[in-house]
Number of protein chains: 2
Amino acid sequence: MANTKQKAVKARRLFTDEAYEILKRRILDNEWPAGHLALEQELAAELGMSRTPIREALIRLEKEGLVEVRPRHGMRVLGISAEDMEEIYEILTCLESMAAELVAKRGLTDQQRAELNAAVNDMDTALAQDNLETWAKADERFHKLLVDYCGNRRLKSLVEGCFDQAHRARLLTLKLRPKPTSSNEDHRATVNAIERRDPTAAREIHRLHRMRAGEMLVEILNKHGLSSL
Amino acid sequence: MANTKQKAVKARRLFTDEAYEILKRRILDNEWPAGHLALEQELAAELGMSRTPIREALIRLEKEGLVEVRPRHGMRVLGISAEDMEEIYEILTCLESMAAELVAKRGLTDQQRAELNAAVNDMDTALAQDNLETWAKADERFHKLLVDYCGNRRLKSLVEGCFDQAHRARLLTLKLRPKPTSSNEDHRATVNAIERRDPTAAREIHRLHRMRAGEMLVEILNKHGLSSL
DNA sequence: TGACTATTTAATGTATACATTAACATATTC
DNA sequence: GAATATGTTAATGTATACATTAAATAGTCA
């Protein structure tokens, strides 16, 4: 049997990676809400693998701040308190405004400019149609593009980590917040500053944008007593 | 091996944590330079434990960007290129200047002000005595205090992660860089801005300080062709 | 010789075994 | 009945076993 030709097996940490992806997905999609508990053995049985890859996946998720591994009670999905949100937005504020500055410094390719503008336009049309879900997706796309184009891979990865942590809280506050009209204007202004190669303006505009967004979200969380979601 | 009547054990991830600490120490202290290779089995034998805790420690170190786990060649200590240093300093620039802003906003306790000033004073005396080692330690202490006092634990942890990654490169460039006179002045100015509760000034002063420091280090690395150390 | 294949080696990813011990339940004492 | 002591359970941390497969080596034929 000609099995020596090309087996096409290349993945190495197949199960560990799979467990990591599945668990992360469940957390981000809110399938497992904050506080959800799960035992290593349960997970292993459910995912059809042994405890070893589960443990390794949990270590990674713990490092990302998504779960907490408690000595005898298994893993617990971490919640986001108003204070957590404040911390996260302070970090996003400075990292993303640095990203905006860097993008303005290095300039955009035509392709990149098109994508950025497309994201802002999508935000506008979504807002005009009162479609908050779509708006949120376009907004997230904009922020991701920004850190993508800044050229600093570490920064990108840190920002994405923050995004993941704040993701569920953002989803939940989406309906509670006022119409994000000014967000769209802010983003246009940022793109504008980037296009005219003004790093300082890009940084400052985006910094103020993120600061306001963060303060608003924290206020909402506090007002609704969403201490840990 | 480990069943020979050990002391009353109470910690839970004793070996994993121990392996993590030991390996991290070796990397930070440059006992293992960039590029150093080690096999899981070797490490297990050397540290007197099985491969399991070693693996778990390596996963953590990999997430911190200190090592790379390569499919068949064991773990490899990651080096820092000039580009890496640039990325790290861009991140430090914005995170730390945010920290300075936050500290200025919330103000210092007497104790905190004393500690910050002590760090700057130590930097001055070390510089007067041409003791770069001591200067570097005081400088690091200053930066650590800043993120410590800002009240944002996530920010603190991210900054410390950057510090760890850049640590060896900083050690090496310490003798190659010009006398860090302006660093001390910058720090005094930052403390000053914090003491008079001027968040914007604190942020901007510290931002420029970090930016310059980063640019200088990158230049040194490039000039000396230290592509990966 | 040199490219190409078969064979061996060894490091890994995963599964499983096992001793430990925190958490819970039950029993005991006053 | 409350508090403490004792026993039981079960989840974990670690060790070990094992199958897989990338890399190294030897072997084969042009």
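The values are calculated or read from the model by the stated rules, or taken from the named source; none is laboratory data. Just so it is clear, the structure is predicted and the values come from calculations on it, not from any experiment. With ideal geometry, Cβ positions are generated from the backbone for all residues, glycine too; neighbour counts draw on all protein chains shown. Only protein heavy atoms, including side chains, enter the accessible area calculation; ligands, DNA and RNA are left aside. Shrake-Rupley method; radii C 1.70, N 1.55, O 1.52, S 1.80 Å.
In terms of accessible area, using a 1.4 Å probe and ignoring ligands and nucleic acids, A:K223, A:K156 rank largest first as A:K223, A:K156. Here chain A is treated with +1 on each Lys and Arg Cβ and -1 on each Asp and Glu Cβ, and its dipole about the Cα centre works out to around 840 debye. What separates the Cα centres of region B:185-218 and region A:64-94 is a distance of 30 Å.
I need the trypsin sites (Lys or Arg not before Pro) found in region A:47-139, filtered to DSSP loop residues with at most 11 other beta carbons within 10 Å of theirs. Passing sites in region A:47-139 are A:R72. Taking amide H as placed 1.01 Å from N in the peptide plane, the amide H of A:A38 sits under 5 Å from that of A:M75, each at least 5 places away or on another chain.
Across identical copies of the chain, A:Q129 has label-point separations of 7.0 nm, listed in ascending order, with the point defined 7 angstrom from Cα along Cα→Cβ. Classify chain B as rounded, prolate or oblate, taking a ≥ b ≥ c as the square roots of the eigenvalues of its Cα gyration tensor: rounded when a/c is under 1.5, otherwise prolate if a/b is larger than b/c and oblate if not. Judged from the Cα gyration tensor, chain B comes out prolate (a/c at least 1.5, a/b above b/c).
Here region B:14-77 is assigned +1 on the Cβ of each Lys and Arg and -1 on the Cβ of each Asp and Glu. Its dipole about the Cα centre then comes out at about 240 debye.
Counting only protein heavy atoms and using a 1.4 Å probe, the accessible area of B:I80 comes to about 10 Å².
With a sphere of radius 14 Å drawn around the Cβ of A:M49, what net charge do the other residues whose Cβ falls strictly inside it have (Lys, Arg +1; Asp, Glu -1)? Residues close to A:M49 contribute a combined charge of -4. Sorted from shortest to longest, the distances between the B:K105 label points of this copy and the other copies are 2.4 nm, with each point 7 Å from Cα along the line through the beta carbon.
Assigning unit charges at the beta carbon (Lys, Arg +1; Asp, Glu -1) and nothing else, what dipole magnitude in debye, to the nearest 20, does the protein assembly as shown show about its Cα centre? Present the calculation step by step, with values, prior to reporting the outcome.
Numbers: 74 positive and 74 negative charges, 226 e Å.
Rounded to the nearest 20 debye, it is 1080 debye.
Accessible area per residue was computed with a 1.4 Å probe on protein heavy atoms; B:F15 scores about 60 Å². Selection among B:L28, B:Q41, B:V147 by position relative to the dipole of the protein assembly as shown gives B:Q41 as farthest towards the positive end (Cβ unit charges, Cα centre). The other copies place their B:K144 label points at 3.8 nm from this one, listed shortest first, where each point is 7 Å from Cα along Cα→Cβ.
Helical content alone sets the calculated 222 nm signal of chain A at -23500 deg cm²/dmol, taking -39,500 (n - 2.57) per DSSP H segment of four or more residues and averaging over every residue.
Anything over 24 Å Cα to Cα? Flag those among A:K144/B:K105; A:K137/B:K63; B:K24/B:K137; A:K105/B:K175; A:K175/B:K105, in the order listed. In this structure, A:K144/B:K105; A:K137/B:K63; A:K105/B:K175; A:K175/B:K105 lie more than 24 Å apart at Cα. Mean partner shielding of peptide A:67-76, defined as the number of other chain Cβ atoms within 10 Å of each residue Cβ, is 1.
Can you give the extra length, in nm with one decimal, that the chain gains between B:M211 and B:L174 once fully stretched, where that is 0.36 nm per residue apart less the Cα-Cα distance?
Working: separation 37, 0.36 × 37 = 13.32 nm, distance 1.69 nm.
Going from the current span to full extension adds 11.6 nm.
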